[in-house]
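Just below is one structure, and these are the notes that go with it.
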Amino acid sequence: MTRETGRAAARTMHLSLKAGERVYINGAVVRVDRKVALELMNDATFLLEGHVLQAEEATTPLRQLYFAAQTVLIAPAQAGPARALYARIEEGILAATTEPVIRDGLAAAHALVEAGRAFEALKLIRGLYSAEADLLGAGRPLPEVPPAALVPPNRSGPRRRPTTRARPAPSSDKA
């Protein structure tokens, strides 16, 4: 607490960015053209580019949950729908698994999101990826595109159709 205000002192956050790197701060995307150090002097929500998951990378239930929590953090205008999506995905995961590590992790992440600490929830969810991979089986192929619910409705530009893989014709050993 500060003596002057009687309130808790805001934490100063130092960010070091490389040329061309982006950071998402309070819903704004900031890209730097050269190496720079930023000092956030007050409370701000931010996410470094390296932790941003693109919609097409949300190929597992936990990655979809991460994407929803990420949207709460970096797109404040979409926070309401993103929270609803988060709740639906979380409910589906809880219905599909009895794995204590994942269930406990989801409970902790949920509490963080509800407390307005989405950044910490993202870190926690990323930590659950290996447990999810074990459950899904490492050899099992993952879908190439996320569910339509994860694609933002107001995309600009033409939509790309997912590419389909050509499957080799079954060989015939009869000759």
Overall Cα dimensions of the range 36-144, principal axis frame, Å, largest first: 45, 28, 23
Residues with amide H under 5 Å from that of Phe46, placed H, sequence gap 5 or more: Asn26
Accessible area (Å², per residue) of the range 39-95, counting only protein heavy atoms and a probe of 1.4 Å: 47
Inter-centroid distance (Cα atoms) of the range 44-93 relative to the range 13-34, Å: 19
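The values are calculated or read from the model by the stated rules, or taken from the named source; none is laboratory data. A quick note: this is a predicted structure, and the numbers were derived from the prediction, not measured. SASA here: full protein model, heavy atoms, side chains in, ligands and nucleic acids out. Shrake-Rupley method; radii C 1.70, N 1.55, O 1.52, S 1.80 Å.
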